[in-house]
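One structure below.
The values are calculated or read from the model by the stated rules, or taken from the named source; none is laboratory data. Please read these numbers as outputs of a predicted model, since none were measured by experiment. In this analysis, Cβ positions are derived from the backbone assuming ideal geometry, glycine residues included, and neighbour counts consider all displayed protein chains.
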Amino acid sequence: MADLRLQRDRFARSAVAFTLIELLVAIAIIALLIALIVPSLAMARRTARAAICASNLRQHATGMATYATDAKGLMPSFSWLPNKKYSRWADLNTATTPQAAVANQGVDIVRRHTGLNLLPFDASKSRLLTRNFAHLVMFDGGYYSSRLIEPAAICPEDRVTSEWQKAGPKDIFETLKVQQYVPPDFDEPQNYQRLFPFWSSYERVACSWSVDKGPNAVNQNYEKYLYYNVFLGTTRFDQRRADDVAFPAQKVIMFDLFDRHVSKKTTFYAYPSARQPLLHGDGSVVTRRTADANPGWDPTLTSIPDFATQFKYAPLPNEPKTVSGLPFDLVKGYYRWTRAGLRGVDFSGAEVK
């Protein structure tokens with residue numbers, strides 16, 4: 001009887017025990033499932049962030065459309081002119097150039113809505129506020145958001161600007177140092193850098209706030225992709241009309257400088273392989289490949305209309321490397337510089353001649 005009970009206990013133990021081989025097989029299966037699931041989850045998160053990015057662009061489109069409706073068809077952009085007094089602060093009424101007037105308008109908006117004693121800066125040594133700060137004008141009129149530092153103003157993959165937003169104007173310089181953004185771009189005035197927390201990842205094309213072509217048009221700086229060439233006494237910043245867009249579904253109005261969603265590595269927009277959501281003149285947001293865009297032109301070379309803008313992409317230390325691995329690559333402007341400006345075509349059609 002004892003022997004029978006002993007055999008039964010041994011059988012019970014053997015029925016629930018795992019051999020080493022069975023355990024290894026189970027671990028291998030679990031590892032395989034994790035390997036299959038984790039990339040899918042990462043892809044799902046990336047797809048979700050791309051959807052948020054497209055939603056952010058649509059928010060811009062809604063604000064722009066509402067603004068245009070109330071402003072008799074004008075697109076939102078900085079409107080201050082030189083040698084005129086607009087501000088209640090005397091130091092913001094001293095602009096003698098169009099770019100200084102625009103810079104003072106931006107500082108005025110931030111001062112009024114934050115209470116920060118943000119100082120004016122030398123606009124000739126900084127990037128134009130008309131590019132990545134145009135949403136400030138919509139905010140000032142109540143057409144964009146209830147927050148001046150707005151998460152929807154940036155791409156969810158734009159970690160650098162996200163850190164700027166978290167830091168705010170008071171701690172921005174420490175954040176810039178950590179990001180190694182300074183000193184490589186330190187030639188920009190510090191008072192301009194204090195505006196970085198209000199930056200938008202999305203850039204408005206120049207023809208949406210400047211003339212389409214000719215000597216009064218801005219154009220691309222060849223050496224520094226971040227900068228535009230402006231000419232004292234001739235460059236004009238205009239409030240363009242929404243109905244100036246001749247082919248709304250084919251004309252890009254706003255874009256990110258980087259493909260952050262589709263390519264395996266973040267890629268500068270001007271590489272043919274780049275692909276990202278683009279806001280068009282009809283308010284639609286469509287993900288398109290740069291290679292499918294028309295090459296564009298140089299708006300100042302009206303005597304050579306087929307000359308596409310070319311410039312160097314030489315990334316700063318915190319920016320994506322060049323595709324070639326060299327210090328810089330020569331790239332085309334594409335929809336950043338559309339032939340015929342707002343009246344031109346970027347996708348799904350030949351360039352306007």
(request) Being out of contact with any Pro (no Cβ under 8 Å at 6 or more places or on another chain) and crowded, with 20+ Cβ neighbours inside 10 Å narrows it down to one of Leu226, Leu148, Leu195, Leu136, so name that one. (result) Leu136
(request) Go through the range 71-115 residue by residue and tally those that are in contact (Cβ under 8 Å) with a residue 60 or more places away in the chain, in a loop (DSSP other than H, G, I, E, B) and more than 23 Å from Val205 (Cβ to Cβ). (result) 0
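Could we say that Tyr67 is surrounded by 19 or more Cβ atoms within 10 Å (Cβ to Cβ), hydroxyl-bearing (Ser, Thr, Tyr) and either touching a strand residue (DSSP E or B) at 6+ places or on another chain (Cβ under 7 Å) or modelled with pLDDT of 80 or more (or both) here?
On the way: surrounded by 19 or more Cβ atoms within 10 Å (Cβ to Cβ): yes; hydroxyl-bearing (Ser, Thr, Tyr): yes; either touching a strand residue (DSSP E or B) at 6+ places or on another chain (Cβ under 7 Å) or modelled with pLDDT of 80 or more (or both): yes.
Considered against the rule, which asks whether it is surrounded by 19 or more Cβ atoms within 10 Å (Cβ to Cβ), hydroxyl-bearing (Ser, Thr, Tyr) and either touching a strand residue (DSSP E or B) at 6+ places or on another chain (Cβ under 7 Å) or modelled with pLDDT of 80 or more (or both), Tyr67 comes out as yes.
Val352 - would you say it is part of a loop (DSSP other than H, G, I, E, B) and either closer than 23 Å to Ser208 by Cα or touching a Pro at 6+ places or on another chain (Cβ under 6 Å) (or both)? I'd like the intermediate steps shown before the answer.
Numbers: part of a loop (DSSP other than H, G, I, E, B): yes; either closer than 23 Å to Ser208 by Cα or touching a Pro at 6+ places or on another chain (Cβ under 6 Å) (or both): yes.
Yes: the conditions hold for Val352.
Answer yes or no: is there a residue in the range 342-349 that is of a type in the set (Gly, Ala, Ser), closer than 21 Å to Cys207 by Cα, in a loop (DSSP other than H, G, I, E, B) and out of contact with any Asp or Glu (no Cβ under 9 Å at 6 or more places or on another chain). Break it down stepwise before answering.
From the range 342-349, those of a type in the set (Gly, Ala, Ser) are 344, 348-349; that's our starting set.
From what's left, closer than 21 Å to Cys207 by Cα: 344, 348-349.
Subsequent filtering for residues that are in a loop (DSSP other than H, G, I, E, B) retains 344, 348-349.
Among the residues that remain, those that are also out of contact with any Asp or Glu (no Cβ under 9 Å at 6 or more places or on another chain) are: 349.
Scanning the range 342-349 turns up at least one residue that is of a type in the set (Gly, Ala, Ser), closer than 21 Å to Cys207 by Cα, in a loop (DSSP other than H, G, I, E, B) and out of contact with any Asp or Glu (no Cβ under 9 Å at 6 or more places or on another chain).
Considering only the range 122-178, give the helices (runs of 4 or more DSSP H) lying wholly within it that have at least 3 residues that are more than 17 Å from Asn191 (Cα to Cα). Walk me through how you get there before you give the answer.
Values: elements: 129-132, 135-141, 159-167, 172-178.
The helices (runs of 4 or more DSSP H) meeting that bar are 135-141, 159-167.
From the list Ser273, Ser303, exactly one residue is of a type in the set (Gly, Ala, Ser) and out of contact with any helix residue (DSSP H, G or I) (no Cβ under 9 Å at 6 or more places or on another chain). Which is it?
Numbers: Ser273 fails: out of contact with any helix residue (DSSP H, G or I) (no Cβ under 9 Å at 6 or more places or on another chain).
When all the criteria are applied, what remains is Ser303.
Condition check: crowded, with 17+ Cβ neighbours inside 10 Å and more than 21 Å from the chain's Cα centre (by Cα). Does Val252 satisfy that?
Numbers: crowded, with 17+ Cβ neighbours inside 10 Å: yes; more than 21 Å from the chain's Cα centre (by Cα): no.
It is false that Val252 is crowded, with 17+ Cβ neighbours inside 10 Å and more than 21 Å from the chain's Cα centre (by Cα).
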(message) I'd like the full set of residues that are farther than 10 Å from Asn294 by Cα and more than 19 Å from the chain's Cα centre (by Cα), limited to the range 321-343.
(response) Val323, Ser324, Gly325, Leu326, Pro327, Phe328, Asp329, Leu330, Ala340, Gly341, Leu342, Arg343
(message) Which of the numbered conditions does Leu330 fail, given that it passes all the others? Conditions: (1) at pLDDT 95 or above; (2) more than 22 Å from Pro248 (Cα to Cα); (3) in contact with a Phe, Trp or Tyr (Cβ under 7 Å, 6 or more places away or on another chain).
(response) (3)
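Going through Ser303, Ser284 one at a time, which residue ends up being out of contact with any strand residue (DSSP E or B) (no Cβ under 6 Å at 6 or more places or on another chain), surrounded by fewer than 20 Cβ atoms within 10 Å (Cβ to Cβ) and modelled with pLDDT of 95 or more? Please lay out each step first, then the result.
Details: Ser303 fails: modelled with pLDDT of 95 or more.
So the residue among Ser303, Ser284 that is out of contact with any strand residue (DSSP E or B) (no Cβ under 6 Å at 6 or more places or on another chain), surrounded by fewer than 20 Cβ atoms within 10 Å (Cβ to Cβ) and modelled with pLDDT of 95 or more is Ser284.
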(message) What's the total number of residues in the range 116-156 that are under 21 Å from Arg260 (Cβ atoms) and touching a residue at least 60 places away in the same chain (Cβ under 8 Å)?
(response) 11
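Anything in the range 216-231 that is among the polar types (S, T, N, Q) and under 18 Å from the mean Cα position of the chain (by Cα)? List them, or say none.
Correct list: Gln220 only.
So in the range 101-126, with the set limited to residues that are closer than 21 Å to Asn216 by Cβ and surrounded by 21 or more Cβ atoms within 10 Å (Cβ to Cβ), which one is modelled with the lowest pLDDT?
Ranking the qualifying residues of the range 101-126, first place goes to Ala123.
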(message) Looking at Ser263 and the list (1) assigned to a loop (DSSP other than H, G, I, E, B); (2) touching a residue at least 60 places away in the same chain (Cβ under 8 Å), which single condition is not satisfied?
(response) (2)
(request) Evaluate the following for Thr47: is it under 30 Å from Val252 (Cβ atoms), of a type in the set (Ser, Thr, Tyr), modelled with pLDDT of 80 or more and in a helix (DSSP H, G or I)? (result) no
